[in-house]
2 protein chains.
Amino acid sequence: MDSFRVKVVEKIFNANDQVAATNRARFDQAGVFTLNLMASPGAGKTSLILQTIRGLRDVLRIGVVEGDTAPVTIDADKVIAEGMPAVQINTGGDCHLDAPMLQAGIAQLPLEDLDLIIVENVGNLVCPAAFNLGTHANILIASVPEGDDKPYKYPAIYRGLDALILNKTDLLPYVPFNMGYFRNGVEILNPGVAFFPLSCRTEEGLSGWTDWIKERVIRHKQQA
Amino acid sequence: MDSFRVKVVEKIFNANDQVAATNRARFDQAGVFTLNLMASPGAGKTSLILQTIRGLRDVLRIGVVEGDTAPVTIDADKVIAEGMPAVQINTGGDCHLDAPMLQAGIAQLPLEDLDLIIVENVGNLVCPAAFNLGTHANILIASVPEGDDKPYKYPAIYRGLDALILNKTDLLPYVPFNMGYFRNGVEILNPGVAFFPLSCRTEEGLSGWTDWIKERVIRHKQQA
């Protein structure tokens with residue numbers, strides 16, 4: 001009775017994943033490496049983007065896609081003031097970017113003239129984790145004043161990371177934060193993930209992050 | 001041709017709003033005042049709950065509902081350690097509480113023996129704003145290290161507030177934060193909203209908040 005066995009389709013891409021695959025193909029065709037930068041509101045996404053531009057502007061051409069829930073261009077204006085191209089996506093209140101939004105956004109950028117695109121997702125530790133954008137690497141910025149228990153409370157977003165930044169280390173003397181407890185929570189979810197404690201404000205630790213991303217961009221170009 | 005005019009149904013409650021109305025009726029029947037406490041991850045929701053319990057435990061009986069995306073009882077355990085009843089709702093990864101989740105949660109609390117229930121929503125500045133829980137007041141905790149531009153970037157959650165707390169004022173000397181810019185963004189969205197700058201860590205400013213909530217609980221009992 002083998003002929004009556006249920007047929008199983010191994011993997012069906014949903015609509016978002018289909019568009020994400022199209023985005024990825026477009027990035028690879030243009031030879032541009034792309035980051036999905038996620039964080040809680042106020043953890044320092046825009047500050048990190050500005051510091052990354054300042055640290056790498058002599059060696060990489062960087063574009064930025066800014067996701068916002070409201071039609072404000074505060075962040076995109078700051079990127080443009082640094083002399084780099086930026087596109088703002090207004091999600092219309094939605095709590096995350098999805099692949100079709102990013103597809104529309106990158107259509108406004110000169111992909112062939114860029115080495116790196118940083119996509120700033122909506123500030124949110126829950127929803128962005130569920131939407132593949134087609135980018136090459138998932139980065140999360142945690143920040144010291146948020147507290148050391150966030151990996152335990154928001155595990156889904158920590159699981160899929162390629163690198164974790166801990167920003168605002170300059171505030172460690174002023175707030176309770178147990179580094180061992182934080183690191184242990186991260187290691188349970190994502191063993192060996194690249195980790196960069198730094199301060200966008202004092203610039204301490206930034207070079208570890210910019211070296212890592214520069215190396216990833218170069219390796220991606222070599223593989224293309 | 002009046003008979004052909006389109007008939008308009010003025011207001012249809014969706015399923016969530018229907019359950020929210022049931023929750024509200026249950027609260028009012030029991031004579032308990034209820035808060036929906038929202039914030040970004042790490043702004044200090046649990047710290048504020050613990051300080052509110054400490055400040056009001058001699059005059060009010062307080063219960064807590066903790067919303068979490070993961071099955072961790074870190075926050076609920078802290079409330080129980082203060083000698084107050086707590087229920088934990090695991091949203092199973094969902095980014096907000098909804099009225100049916102709260103209905104299930106309050107079924108585990110002795111409502112008739114309580115004066116105040118604080119519902120700690122999932123840490124998120126976007127999604128919780130869209131779900132009526134049936135609670136009497138919406139409270140948001142902003143925090144100084146998140147930055148002064150959050151009202152401009154996450155306007156939806158600021159519009160529906162009954163009170164706004166700005167936590168971590170002890171960090172004002174260490175981070176850039178323009179209080180006028182922040183307040184102006186809030187006033188555009190929600191003119192005259194009750195505002196409590198405070199520090200859960202140093203306890204500065206806490207009494208303004210606890211006085212306000214005590215007065216709201218007493219007024220609610222008188223109106224019942």
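The values are calculated or read from the model by the stated rules, or taken from the named source; none is laboratory data. Treat the numbers as computed from the prediction; the structure is a model and nothing was measured. Every residue, glycine among them, receives a Cβ derived from its backbone with ideal geometry; neighbour counts consider all protein chains shown.
Below are the figures for this structure:
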item: Residue within the stretch B:112-127 that is in a helix (DSSP H, G or I) and touching a Cys at 6+ places or on another chain (Cβ under 8 Å) present; result: yes
item: Unmet requirement for residue B:134, which otherwise passes all of (1) of a type in the set (Gly, Ala, Ser); (2) surrounded by fewer than 20 Cβ atoms within 10 Å (Cβ to Cβ); (3) modelled with pLDDT of 95 or more; result: (2)
item: Which numbered condition residue B:127 misses (of (1) under 24 Å from residue A:43 (Cβ atoms); (2) surrounded by 24 or more Cβ atoms within 10 Å (Cβ to Cβ); (3) in contact with a strand residue (DSSP E or B) (Cβ under 6 Å, 6 or more places away or on another chain)); result: (3)
item: Residue among A:138, A:121 that is within 12 Å of chain B (Cβ to nearest Cβ), under 16 Å from residue A:97 (Cβ atoms) and of a type outside the set (Val, Ile, Thr); result: A:121
item: The one condition in (1) within 13 Å of the chain's Cα centre (by Cα); (2) modelled with pLDDT under 95; (3) within 16 Å of residue B:70 (Cβ to Cβ) that residue A:142 fails to fulfil; result: (2)
item: Odd one out for residue B:84, checked against (1) away from chain A (no Cβ under 14 Å); (2) at pLDDT below 90; result: (2)
item: Single condition residue A:186 does not satisfy, out of (1) within 12 Å of chain B (Cβ to nearest Cβ); (2) under 18 Å from residue B:123 (Cβ atoms); result: (1)
item: Residue list for the stretch A:146-181, restricted to those being part of a helix (DSSP H, G or I), facing chain B (nearest Cβ under 7 Å) and touching a strand residue (DSSP E or B) at 6+ places or on another chain (Cβ under 7 Å); result: A:150, A:153
item: Identity of the residue in the stretch A:40-97, of a type in the set (Ser, Thr, Tyr) and in a loop (DSSP other than H, G, I, E, B), that ends up surrounded by the fewest Cβ atoms within 10 Å (Cβ to Cβ); result: A:73
item: Exclusive hit being loosely packed, with under 15 Cβ neighbours inside 10 Å and at positive phi, set B:203, B:187, B:215; result: B:203
item: Residue A:100 vs. criteria out of contact with any Pro (no Cβ under 8 Å at 6 or more places or on another chain), assigned to a helix (DSSP H, G or I), within 11 Å of another protein chain (Cβ to nearest Cβ) and of a type outside the set (Lys, Arg); result: no
item: Counted residues, the stretch A:108-131 - those being modelled with pLDDT of 95 or more and small (Gly, Ala, Ser); result: 0
item: Selection status of residue A:169, closer than 29 Å to residue A:203 by Cα and crowded, with 22+ Cβ neighbours inside 10 Å; result: no
item: Conditions (1) within 14 Å of another protein chain (Cβ to nearest Cβ); (2) buried (at least 22 other Cβ atoms within 10 Å of the Cβ); number of the one not met by residue B:36; result: (1)
item: Subset of the stretch B:39-53 (residues that are within 15 Å of residue B:79 (Cβ to Cβ), within 12 Å of chain A (Cβ to nearest Cβ) and touching a helix residue (DSSP H, G or I) at 6+ places or on another chain (Cβ under 6 Å)); result: B:46
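Per-residue answers, yes or no, for (1) in contact (Cβ under 8 Å) with a residue 12 or more places away in the chain; (2) of a type in the set (A, V, I, L, M); (3) assigned to a helix (DSSP H, G or I):
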position: B:187; (1), (2), (3): no, no, yes
position: B:200; (1), (2), (3): yes, no, no
position: B:212; (1), (2), (3): yes, no, yes
position: B:221; (1), (2), (3): yes, no, yes
